Amino acid sequence: MTKHKEQERNFLEEAQNFYNRYKNILIGVTLAIVLGVAAYIYKDYRAGKQEEEALPLMSYPQEYFRIDSFSLALNGDGANPGFLDIIDEYPASSAANLANYYAGVSYLKLGDVQSAIDYLDDFSPGTDLLAARKYELLGHAYAQQGESGKAAKYYERAAHAVEHDFFTPYYLQLAGDYYLNLGKYEEAREMYQEIEEKYPLSAQGREVVKYLKLVDAKLKYS
């Protein structure tokens, strides 16, 4: 037997021994990969089907939302679904994602603050402006719960989620005011200074000098 043939036989024997020793693991891994691919394909197909079915249904609760009928917007009117139905029945769709936003706002309007937080947390914004709006609403929700520290943090996140001449200084002002009331003067000054430097022509920018003077006085005597 040539050296080459002997090496080939040894290799085949080692491969067979390896397979015999670990065949259950190898079969399991292969099965997991196959199932993973199948699940991905099914999920993609399912999302497409859900999208097709869910999007037309959004018009019903959106109309109730538009006229401030928030309970009907959430729960439906008996004949047509509400946002909660769409979230439950079509969870893989973008309609359900958007319904999380509407549900969060609706619960906030109805005074159910914890439910508002839960649904807003589940909303995945697709744009910087929507991300800022989500953080702003979470700031409002935590403010209503008396959690001013969390409110300030979310207003700051809203400010830094988007660069907008109207919204950003508004969010910075909210964050600064909450930090000021919490006695976090350094943080408050950062918010006001950002308004002064980046948005001097905004409504907040025209008034920010007095807030800077106030926070500087606080810092001086703290």
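The values are calculated or read from the model by the stated rules, or taken from the named source; none is laboratory data. Bear in mind that the values here come from a model prediction, so they are computed numbers and not experimental data. So basically every Cβ, Gly included, is an ideal-geometry build from the backbone, and we count neighbours across all protein chains shown.
Things worth noting here:
- Some residue of the range 83-94 being more than 30 Å from K49 (Cα to Cα) and of a type in the set (A, V, I, L, M): no
- The test for being outside the structural domain of G146 (by TED's automatic domain parsing), in contact (Cβ under 8 Å) with a residue 24 or more places away in the chain and surrounded by 22 or more Cβ atoms within 10 Å (Cβ to Cβ) does not hold for S71.
- Looking across A131, A143, one residue alone is in contact with a Pro (Cβ under 9 Å, 6 or more places away or on another chain), farther than 18 Å from P61 by Cα and surrounded by fewer than 21 Cβ atoms within 10 Å (Cβ to Cβ). It is A131.
- Of the helices (runs of 4 or more DSSP H) lying entirely inside the range 108-222, those carrying at least 1 residues that are within 30 Å of D88 (Cα to Cα) are 113-122, 128-144, 148-161.
- Only one of the numbered conditions (1) at pLDDT 95 or above; (2) outside the structural domain of A175 (by TED's automatic domain parsing); (3) surrounded by fewer than 21 Cβ atoms within 10 Å (Cβ to Cβ) is not met by K150, and that is (2).
- Restricting attention to the range 211-222, the residues being surrounded by fewer than 19 Cβ atoms within 10 Å (Cβ to Cβ) and closer than 16 Å to A175 by Cα number 2.
- Single match in Y170, Y199, Y192, Y179 (criterion: touching a Ser or Thr at 6+ places or on another chain (Cβ under 7 Å) and either loosely packed, with under 14 Cβ neighbours inside 10 Å or modelled with pLDDT of 95 or more (or both)): Y199
- Boolean, Y102 is part of a helix (DSSP H, G or I), in contact (Cβ under 8 Å) with a residue 40 or more places away in the chain, surrounded by 14 or more Cβ atoms within 10 Å (Cβ to Cβ) and of a type in the set (F, W, Y): yes
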